[in-house]
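J.: Take this structure, written in structure tokens, and hold onto it; I'll ask about it next.
Since every read-out is calculated from the coordinates, none of them should be taken as a lab result. Predicted, not measured: the structure shown is a model, and the values here were computed from it. Note that each Cβ is placed from the backbone with ideal geometry, even for glycine, and that neighbours are counted across all protein chains shown.
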Amino acid sequence: MTRRVYIETYGCQMNVADTELMLGVLRREGYEATDDPAAADVLLVNTCAVRDNAEQRILGRMGEMKHYKRPGVVVGVVGCMAQRLGRRLLEETPHVDLVIGPDGYRALPELIGGAVEGRRATEVAFKPWEHYEDVPLVRTDRVGAFVTVQRGCNYRCTFCVVPMTRGRERSRKLADVVAEVRALADQGVTDVTLLGQTVNSYHDGQADFADLLRAVGAVDGIRRLRFTSPYPTDFTERAVSAMAEVDAMCEHVHLPVQSGSTRLLKRMGRRYTRDEYLAVVDRLRAAIPDLALTTDLIVGFPGETDADFAATDQLVRDVGFDDAYTFKYSPREATGAPHLPDPVPDTVAGARLERLITTVRDVARRRNVALVGTTHEVLVEKVARRGGLLQARTRTNKVVLVDGPGEWIGAYVWVRLSGTTGSTFTGVPVPAGKELAIMG
């Protein structure tokens, strides 16, 4: 009898890729995926540990999972939060049977079998050799694909729990990455995003990040290539040249900065100053015309003064980010920041966050309004949430809503940007052969 598995995914693109990996591990043992938790024999929650509110939300969701528990049904917590808390999760949530970290997914079938027989278990050992090369992923997106090229992180930013949940940095062999991308292209995938915690520090012992971009970009059938997330000062000249010269490379970089204050960056354990970050921005924009830049920003970090915050707010204006993920600082156990002096009151951090969000939106709106009337090639990804429209994306990562048939999903079409909300666009399809005239 076929057993069904339900996986609920939280957090970053790496977790999305890991969910596809777990589905691949379990499919080899005869499991089928289901979108209905009530119909599942195995329920797994793939977790994020980057911020406390994410963990609290997941703990609340785990409480709801009790309603699906019945004899023979296994409930597990997997991913970064599982790695961070380990056996504590078993002790604090009696209805949870399994707690498995990112390096333990190969053991899922065996541990599930033990849980059915009443043996609760944790598997949170780091395995620095594990890349799951023999596991065929079950892709959840038929238009684009995430390809993990690197796991773990060697940096020790004082706010970040990732080194404790993902282990030391290690990179896959270039040939293995290219083989995976070639197989995706053979299946019709044309849009690939390379994933790593500090993806541009990729090095397999022989090939570096520049080699990786050139090799993947040369795979026949790949029309769009992206990566996330890079570390600002890990861009070598070779890597920037590859980004500029590889035709498939999209004109968008997500470049986390965290703060615009050099003093605060030092407290965060970041390995660059404000001026060094801006120099990286200048290098990238000089090499790649029309580059879109997005970033991550934290407010309320211990010791942040009004002047520090003002420097961050001004950096958004100086760089002209196309968008930013903005967060209040969240203390993480086993990191250095909670031990720093001068914590910022939550009310102050909240007010700063609101001001920063306003600045980000204002800057993004001005940039987006200036694009209205221009013409772009978009990849149609899926049916949008509103109005029966289709959701598409430009090479610069702008989301465009287009009126068209469902057969367009997975196809490239040219559109003229007809309007913007300030964040997303509406687009009008351009008849074939007319796009160059309109652009001119």
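J.: In the chain, what percentage of the DSSP-assigned beta bridges are antiparallel, given to the nearest 5?
T.: On the way: 22 of 66 bridges.
Percent antiparallel among DSSP bridges in the chain is about 35.
J.: Identify the GluC sites (Glu not before Pro) of the range 9-111 meeting these criteria: DSSP loop state and at most 13 other C-beta atoms within 10 Å of the C-beta. Before the final figure, lay out the partial values.
T.: Numbers: sites: 20, 29, 32, 55, 64, 91, 92, 110; in loops: 29.
The qualifying sites are 29.
J.: While we're here: Evaluate E = 1/(1 + (r/R0)^6) for residue 92 and residue 206, where r is the Cβ-Cβ distance and R0 equals 60 Å; express this FRET efficiency to the nearest 0.05. Write out the running numbers ahead of the final one.
T.: Details: r = 45 Å, r/R0 = 0.76.
Step by step, r from the Cβ atoms, then E = 0.85.
J.: Taking 8 Å as the Cα distance limit and 6 or more residues as the minimum spacing, I'd like the relative contact order of the chain as a percentage.
T.: Details: 880 pairs, mean separation 42.2, N = 440.
Dividing the mean separation by the residue count of the chain yields 10 percent.
J.: Using unit Cβ charges (K, R positive; D, E negative) and no other charged atoms, how large, in debye to the nearest 20, is the dipole of the range 176-301 about its Cα centre? List each step's numbers first, then the result.
T.: Working: 14 positive and 18 negative charges, 144 e Å.
My answer is approximately 680 debye.
J.: If you don't mind, there's one more thing I want to ask. Quick one: what are the phi-derived ³J(HN,Hα) couplings along the range 236-243, Karplus 6.51/-1.76/1.60 with θ = phi - 60°, whole Hz, x for glycine and proline?
T.: Using θ = phi - 60°, the values come out as 7, 4, 5, 5, 5, 4, 4, 4 Hz.
J.: Same structure, new question: If packing is taken as the average number of other Cβ atoms within 10 Å across a peptide's residues, how do 330-336, 22-28, 403-409 rank, most packed first? Walk me through the numbers on the way to the answer.
T.: Values: 330-336: 15.4, 22-28: 19.9, 403-409: 12.9.
Per-residue Cβ counts within 10 Å, averaged per peptide and sorted highest first, yield 22-28, 330-336, 403-409.
J.: Pairs of Cα atoms under 8 Å, at least six residues apart: use those to get the relative contact order of the range 3-123, whole percent.
T.: Details: 203 pairs, mean separation 29.4, N = 121.
Taking the mean separation of contacting Cα pairs over the length of the range 3-123, I get 24 percent.
J.: To continue, here is another question. Towards the positive end of the charge dipole of the chain, with charges on Cβ (+1 Lys, Arg; -1 Asp, Glu), say which of 374, 240, 149 has the farthest Cα.
T.: Value computed over the given set: 374.
J.: Still on this structure, I have one more. Taking θ = phi - 60°, what integer Hz values does the Karplus form 6.51 cos²θ - 1.76 cosθ + 1.60 yield along the range 182-192, in sequence order, with x for Gly and Pro?
T.: My calculation for the range 182-192 gives 5, 5, 5, 4, 5, 8, x, 6, 10, 10, 10 Hz in order.
J.: Let me ask you something else. Can you bin the range 144-369 into rounded, prolate or oblate? Criterion: square roots of the alpha carbon gyration tensor eigenvalues sorted a ≥ b ≥ c, rounded for a/c under 1.5, prolate for a/b above b/c, oblate for the rest.
T.: Values: a/c = 2.19, a/b = 1.56, b/c = 1.40.
Prolate, because a/c is 1.5 or more and a/b exceeds b/c.
J.: Using modelled amide H (1.01 Å from N, peptide plane; none on Pro or chain starts), what sits under 5 Å from the amide H of residue 4, excluding residues fewer than 5 places away?
T.: 32, 41, 42
J.: Taking the Cα centre as origin and putting +1 on Lys and Arg beta-carbons and -1 on Asp and Glu beta-carbons, what dipole magnitude results for the chain, to the nearest 20 debye? Before the final figure, lay out each step's value.
T.: On the way: 57 positive and 58 negative charges, 106 e Å.
For this selection, approximately 500 debye.
J.: Measuring from centroid to centroid over Cα atoms, what is the spacing of the range 164-203 and the range 243-258 in Å?
T.: When both Cα centres are located, 16 Å separates them.
J.: Compute the length gained on full extension between residue 13 and residue 334: take 0.36 nm times their separation in residues and subtract their Cα-Cα distance, giving the result in nm to one decimal. Spell out each step's value before the answer.
T.: Details: separation 321, 0.36 × 321 = 115.56 nm, distance 2.37 nm.
Computed gain between residue 13 and residue 334 is 113.2 nm.
J.: Assuming 0.36 nm per residue, please report the length gained on full extension of the stretch residue 285 to residue 64 beyond their Cα-Cα distance. Mind dumping the intermediate values first?
T.: Details: separation 221, 0.36 × 221 = 79.56 nm, distance 4.75 nm.
Between residue 285 and residue 64, full extension yields 74.8 nm more.
J.: List every residue whose amide H lies under 5 Å from the amide H of residue 229, counting only residues 5 or more places away in sequence or on a different chain, with H placed 1.01 Å from N in the peptide plane.
T.: 196, 199
J.: Helix-only mean residue ellipticity at 222 nm, the chain, DSSP H runs n ≥ 4 weighted -39,500 (n - 2.57), per residue, nearest 500. What is it? Spell out each step's value before the answer.
T.: Working: 14 runs with 150 residues, N = 440.
Here the helix-only value at 222 nm equals -10000 deg cm²/dmol.
J.: Next up: With each pseudo-label sitting 7 Å past Cα toward Cβ, what's the residue 365-residue 421 distance in nm, one decimal?
T.: Here the modelled spin labels are 1.4 nm apart.
J.: Quick check: the distance between the Cα centres of the range 330-379 and the range 145-159, to the nearest angstrom?
T.: Rounded to whole Å, the Cα centres lie 21 Å apart.
J.: Okay, next question. Whole Å is fine, so just give me how far the alpha carbon centre of the range 83-133 lies from that of the range 1-56.
T.: Cα centroid to Cα centroid, the span is 13 Å.
J.: Which loop-located chymotrypsin sites (Phe, Trp or Tyr not before Pro) does the range 39-140 contain, where loop means any DSSP state but H, G, I, E or B and the Cβ has at most 12 other Cβ atoms within 10 Å?
T.: Answer in residue order: 129.
J.: Placing +1 at every Lys and Arg Cβ and -1 at every Asp and Glu Cβ, with all other atoms neutral, what dipole size does the range 302-431 have around its Cα centre, in debye to the nearest 20?
T.: Around 580 debye, computed over the range 302-431.
J.: By count of other Cβ within 10 Å, fewest leading, how are 252, 131 ordered? Provide the component values of the computation, followed by the final result.
T.: Numbers: 252 22, 131 19.
Ordered from fewest to most neighbouring Cβ atoms within 10 Å, 252, 131 come out as 131, 252.
J.: Mean shadow of the range 1-76, computed from the convex hull of its alpha carbons, in nm²? All intermediate terms of the calculation are to be shown ahead of the outcome.
T.: On the way: hull surface 20.2 nm².
If I average the Cα hull's projected area over directions, I get 5.0 nm².
J.: Rank 280, 136, 300 by how far each Cα sits towards the positive end of the charge dipole of the chain (+1 on Lys, Arg Cβ; -1 on Asp, Glu Cβ) and give me just the farthest.
T.: The listed residue farthest towards the positive side: 300.
J.: With unit charges on the beta carbon (Lys/Arg positive, Asp/Glu negative), name the residue among 349, 400, 431 whose Cα is farthest towards the positive pole of the charge dipole of the chain.
T.: The Cα lying farthest towards the positive end belongs to 349.
J.: Determine ³J(HN,Hα), in whole Hz, for all residues of the range 132-148 in sequence, where each value follows from phi through the Karplus function 6.51 cos²θ - 1.76 cosθ + 1.60 and θ = phi - 60°; x replaces Gly and Pro.
T.: 6, 4, 8, 9, x, 6, 9, 6, 9, 10, 8, 9, x, 9, 8, 10, 6
J.: Separate question: Quick one: if you stick a label point 7 Å off each Cα along the C-beta vector at residue 182 and residue 355, how many nm between them?
T.: Here the answer is 5.5 nm between the modelled labels.
J.: Starting from the coordinates of the alpha-carbon atoms of the chain, obtain the Kirkwood hydrodynamic radius over all distinct pairs and give the value in Å to one decimal. The partial results should precede the final answer.
T.: Details: mean 1/r = 0.0430 Å⁻¹.
That comes to 23.3 Å for the chain.
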